[in-house]
1. Evaluate segment 476-488: report whether one residue or more is more than 20 Å from Asp356 (Cα to Cα) and either free of Cβ contacts under 8 Å to residues at least 60 places away in the same chain or crowded, with 20+ Cβ neighbours inside 10 Å (or both).
2. Are there any pairs, at least 6 apart or on different chains, whose C-beta atoms fall under 6 Å, with the first in segment 72-99 and at positive phi and the second assigned to a loop (DSSP other than H, G, I, E, B) and crowded, with 22+ Cβ neighbours inside 10 Å, and if so, which?
3. Sort through Pro122, Pro158 and tell me the only one that's farther than 20 Å from Arg74 by Cβ and surrounded by fewer than 21 Cβ atoms within 10 Å (Cβ to Cβ).
4. For Ser639, only one of the following conditions fails: (1) closer than 24 Å to Leu544 by Cβ; (2) surrounded by 11 or more Cβ atoms within 10 Å (Cβ to Cβ). What is its number?
5. What residue, among those in segment 92-117 that are touching an Asp or Glu at 6+ places or on another chain (Cβ under 9 Å) and surrounded by fewer than 22 Cβ atoms within 10 Å (Cβ to Cβ), is modelled with the lowest pLDDT?
6. Could you grab me the full set of residues in segment 99-111 that are out of contact with any Gly (no Cβ under 7 Å at 6 or more places or on another chain) and either of a type outside the set (Ser, Thr, Tyr) or outside any loop (DSSP other than H, G, I, E, B) (or both)?
7. Quick one: is Ala320 part of a helix (DSSP H, G or I), of a type outside the set (Phe, Trp, Tyr), under 24 Å from the mean Cα position of the chain (by Cα) and within 14 Å of Thr58 (Cα to Cα)?
Amino acid sequence: MILRSLPGLAALLLAASWAQAEPFVVGFTRFHAAAPSIAGGRLLFNELGCVNCHDTPTGLPTRSGPDIQGVTERLQADWVRQFLASPGIAHPGSTMPSLFFETASSDIEAVLHYLGSLKTKPGPKPKPSAHVNSERGRLLFHSIGCVACHAPSKAFQPEGGSPKDSEFTHPSIRFPDLSQKFTLSGLSSFLLDPLKTRPDGRMPRFLLEESDAMDIAGYLLAFEGSDAKKAPDLKPFVSTTELTARGAEIVAASRCAACHELPKNASAKTVALKSTAGGCLSPSPGPGLPRYSLNSSQRAALESFLKQTEHPLSAGDSAALTLQALNCSACHERDGIGGPDAARKAYFSGDHNLGDTGRYPPPLTGAGRKLQPEWLTALLQGSNRVRPYLKTQMPSYGKATEPLARTLAQADHRVEKPLPGGDDTAGRKLLGTQGGLGCITCHRWGDKAALGIQALDLSNLGQRLQPAWLAQYLVDPSSYRPGTLMPSFWPLGRASNQEILGGDTAHQISSIYAFAKSANGEPDGFPETSGGQFELVPKDRPILQRTFLEGVGTHAILAGFPTGVHLAYDGKTGRPAFLWKGRFFDAYNTWFSRFAPFEKPLSDSIVHWPISEKSEPPVVFEGYKLDKAGVPSFLYSISGVPIEDRFEGTDNGLKRQISWPTAAQAPTITHPLNVEISEESSSKLGNRRFTYLWK
């Protein structure tokens with residue numbers, strides 16, 4: 001078996017009545033369930049899709065159903081059939097109501113055939129990676145932000161140790177039985193771009209490579225092995241004309257088009273609400289009505305909202321409820337509300353040199369007066385990343401966040417005292433280390449690394465921040481973010497540097513802002529050389545460089561070859577990690593930074609060695625040696641047996657020779673993925689030779 005067998009839903013569906021768990025809306029459960037309110041009812045009315053059928057506006061981003069064109073080309077038909085029969089059992093907590101409870105199984109089959117007739121929209125299709133590393137997917141799932149919304153595995157231990165069960169105080173969004181719903185390639189394609197089929201943004205899009213999406217899918221599906229081609233394929237589903245026609249009639253009568261994009265002949269007009277009693281809110285809705293299995297708290301909140309004759313919504317309430325609807329509150333705190341619970345904080349990681357600021361996403365308190373509207377809009381759409389040290393990603397929510405920048409600006413607006421005019425020259429000096437405040441000691445400036453820890457880039461400060469907010473922040477950073485490492489150089493409003501601009505606080509801050517906005521050079525104090533001047537280029541012989549390398553760790557040894565294919569070797573595990581083709585390495589940060597960041601090769605063309613899936617004897621790395629031509633041999637031992645692993649450049653690849661004592665057992669040898677591998681015959685015992693050529 002490639003996929004471990006997971007419990008199916010068929011037996012549950014046969015035994016279950018229509019009664020099922022209540023729909024789960026994470027923002028309502030976390031912030032409103034304990035005390036039902038008008039605000040909570042508004043959130044539910046929006047997130048359950050009630051607003052899509054009725055003409056009662058909520059002022060919140062629309063929650064629509066997923067794109068169901070091509071659904072049987074993406075999902076397993078048996079799961080879709082089960083979901084149609086009972087959404088809340090096939091996916092506990094689903095916000096899809098039960099529409100076909102009293103529908104004959106033959107009619108549900110007709111609906112499935114109709115859905116199967118709606119083929120995928122034309123356009124490029126993602127090409128899932130052929131290699132899968134489920135262990136890497138497990139690490140990604142627990143580090144990039146997935147566990148902010150979904151429950152982490154109890155078997156996974158974060159760097160700081162596993163949290164206590166009692167520290168999980170915030171609700172988690174449950175998965176359906178993913179192995180029943182998806183194939184490996186189907187889940188990988190969905191994770192790569194959820195907004196393609198779920199444009200409402202409740203499942204946002206992370207910045208994943210194809211290999212990232214495949215690895216996370218492998219973890220979620222408990223995939224065993226490394227070859228994705230060995231995973232089961234989706235069983236073809238063929239619709240019949242007769243059932244498709246019957247299904248189209250049922251879908252139109254059920255008003256599915258209120259939430260889903262369907263052909264025009266299935267469109268659904270909104271229905272005016274004439275009463276807040278009975279109907280969908282009834283514990284036992286009448287025939288033909290959606291059944292939501294609402295609990296008493298949900299029902300009370302909805303009734304509170306609908307009893308209003310008017311439905312006004314302030315900008316502040318709109319911002320708060322939008323953040324709850326999209327679950328931004330899972331990562332961000334605003335006005336003391338939201339943010340991760342104590343348990344989930346253990347899974348947020350980044351640059352420990354920056355303290356909590358280097359681990360946790362920033363607060364959204366005052367975000368509308370902090371960030372320039374254009375910058376904030378681009379940020380919400382997936383651009384303008386300024387915190388590369390955070391492993392937890394800020395995902396893109398698509399069109400769901402289009403009005404949010406404007407809403408936050410309205411909610412946080414205040415009449416500000418304008419800053420005086422700034423002096424570019426003074427701003428340059430203040431930011432630098434030559435008689436200034438030394439800001440570049442901790443902060444990057446464009447492509448120039450900071451001289452010490454690598455806090456966020458200041459070169460875009462004028463485009464990113466609003467000047468009045470900046471002035472308030474610089475005087476008292478800890479009031480905005482308690483525990484920040486950022487000191488105040490203007491404590492209580494008094495400048496610590498009295499030499500520049502006569503110590504005038506407002507003029508100093510406005511000058512910093514003016515210089516950053518002008519893009520007129522860089523602060524004083526950077527080394528005269530730039531990173532590009534320290535690019536290592538192997539010309540006549542190989543180059544070896546130790547560094548901190550992303551994906552390898554703190555013991556990476558890089559071997560660059562004049563032939564253009566290079567090696568990253570892990571000196572901690574005594575194993576090769578990956579090859580890359582193209583430019584070799586920029587040593588600027590490695591050589592000059594006191595807190596060198598984890599670097600990357602100067603190429604995206606990379607192939608990895610597979611991670612071993614079985615327990616093997618420990619490897620003791622013993623260093624490396626170079627021959628007269630500078631060709632490296634890496635030295636290690638396994639159970640006391642010494643082994644040499646030699647790599648030499650060749651056209652479009654590398655040659656590898658592994659040697660060990662003839663009387664000893666041959667070591668296990670693994671090879672990089674997605675390269676052409678050939679082995680040379682050898683008459684010598686204890687010696688094997690391979691050539692790796694780039695495809």
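The values are calculated or read from the model by the stated rules, or taken from the named source; none is laboratory data. These figures come from a predicted structure and were not determined experimentally. Glycine gets a Cβ as well: all are built from the backbone with ideal geometry, and neighbour counts include every protein chain shown.
1. At the first step, the residues of segment 476-488 found to be more than 20 Å from Asp356 (Cα to Cα) are none.
Within segment 476-488, none of the residues are more than 20 Å from Asp356 (Cα to Cα) and either free of Cβ contacts under 8 Å to residues at least 60 places away in the same chain or crowded, with 20+ Cβ neighbours inside 10 Å (or both).
2. From residues that are at positive phi, there are no pairs.
3. Details: Pro122 fails: farther than 20 Å from Arg74 by Cβ.
Every option except Pro158 fails the conditions.
4. (1)
5. Phe100
6. Of segment 99-111, the ones out of contact with any Gly (no Cβ under 7 Å at 6 or more places or on another chain) are 99-109.
Scanning segment 99-111 gives Leu99, Phe100, Phe101, Glu102, Ala104, Ser105, Ser106, Asp107, Ile108, Glu109.
7. Numbers: part of a helix (DSSP H, G or I): yes; of a type outside the set (Phe, Trp, Tyr): yes; under 24 Å from the mean Cα position of the chain (by Cα): yes; within 14 Å of Thr58 (Cα to Cα): yes.
Yes: the conditions hold for Ala320.
Yes or no, residue by residue, for (1) crowded, with 22+ Cβ neighbours inside 10 Å; (2) under 26 Å from Glu416 (Cα atoms):
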residue	(1), (2)
Asp356	no, no
Leu371	yes, yes
Leu376	no, yes
Gly382	no, no
